[in-house]
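Peer 1: I have a structure I would like to understand better, so I am pasting it below and will then ask my questions one at a time.
The values are calculated or read from the model by the stated rules, or taken from the named source; none is laboratory data. Quick caveat: nothing in here was measured; it's all calculated off a predicted structure. Glycine also receives a Cβ, built like all others from the backbone with ideal geometry; neighbour counts cover every protein chain displayed. With ligands, DNA and RNA removed, areas are computed over all heavy atoms of the protein, side chains included. Shrake-Rupley method; radii C 1.70, N 1.55, O 1.52, S 1.80 Å.
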Amino acid sequence: MITIIPEAPENVAAFSATGEVTKEDFEKLVIPRVKEKVDEFGELNYLLYLDTDLDKFTMGAWLEDLLLGLKNLAKWNRTAIVTDKKAVQDFTDIFSVLMPGEFKSFPKENLYNALYWCKNGNEVEV
């Protein structure tokens, strides 16, 4: 299931994935929210907080996520993936070289830093 992260900055489409994630989650929530942000801000700042195992994403959901990325390819600005899964963090860092915009992984305890980075392009000074 995907839900909107309500405390996200206005210019960030931020989602939390828990349990099983389906194609319907993308069709009914993610795509409309992404379209709204791109229409309003002219670019996409996207955050996905992964609080589920990747095997909980159905094939349709992954396909929808891929199509969403391709459809708005030129609009990507900053994308943060928040997870404690090392393989996903590594993939995100490698993927950042292949895609336009900036892609960055953050550990779960740094959710608010990830939101700040998506909004502003820099991290909170600690």
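Peer 1: Is at least one residue of the stretch 64-76 open to solvent by 90 Å² or more (accessible area, probe 1.4 Å), at pLDDT 70 or above, of a type outside the set (A, V, I, L, M) and in contact with a strand residue (DSSP E or B) (Cβ under 9 Å, 6 or more places away or on another chain)?
Peer 2: No: zero hits.
Peer 1: If we scan the stretch 19-34, do we find a residue that is out of contact with any Asp or Glu (no Cβ under 9 Å at 6 or more places or on another chain), of a type in the set (Phe, Trp, Tyr) and surrounded by 16 or more Cβ atoms within 10 Å (Cβ to Cβ)?
Peer 2: no
Peer 1: Pairs only if they're at least six apart or on different chains, beta carbon under 7 angstrom, first in the stretch 8-23 and touching a residue at least 40 places away in the same chain (Cβ under 8 Å), second of a type in the set (Val, Ile, Thr) and assigned to a loop (DSSP other than H, G, I, E, B); list them, first residue then second.
Peer 2: Sorted first by the residue in the stretch 8-23, then by its partner, the pairs are Ala14/Ile5; Ala17/Thr52; Val21/Thr52; Val21/Thr58; Lys23/Thr58.
Peer 1: I'd like the full set of residues that are among the charged types (D, E, K, R), at pLDDT 90 or above and open to solvent by 70 Å² or more (accessible area, probe 1.4 Å), limited to the stretch 36-57.
Peer 2: Glu36, Asp39, Glu40
Peer 1: What number of residues within the stretch 101-126 are surrounded by 17 or more Cβ atoms within 10 Å (Cβ to Cβ) and assigned to a strand (DSSP E or B)?
Peer 2: 4
Peer 1: OK, next. Residues that are among the aromatic types (Phe, Trp, Tyr) and farther than 19 Å from Lys119 by Cα: does the stretch 31-46 have at least one?
Peer 2: No, the stretch 31-46 contains no residue that is among the aromatic types (Phe, Trp, Tyr) and farther than 19 Å from Lys119 by Cα.
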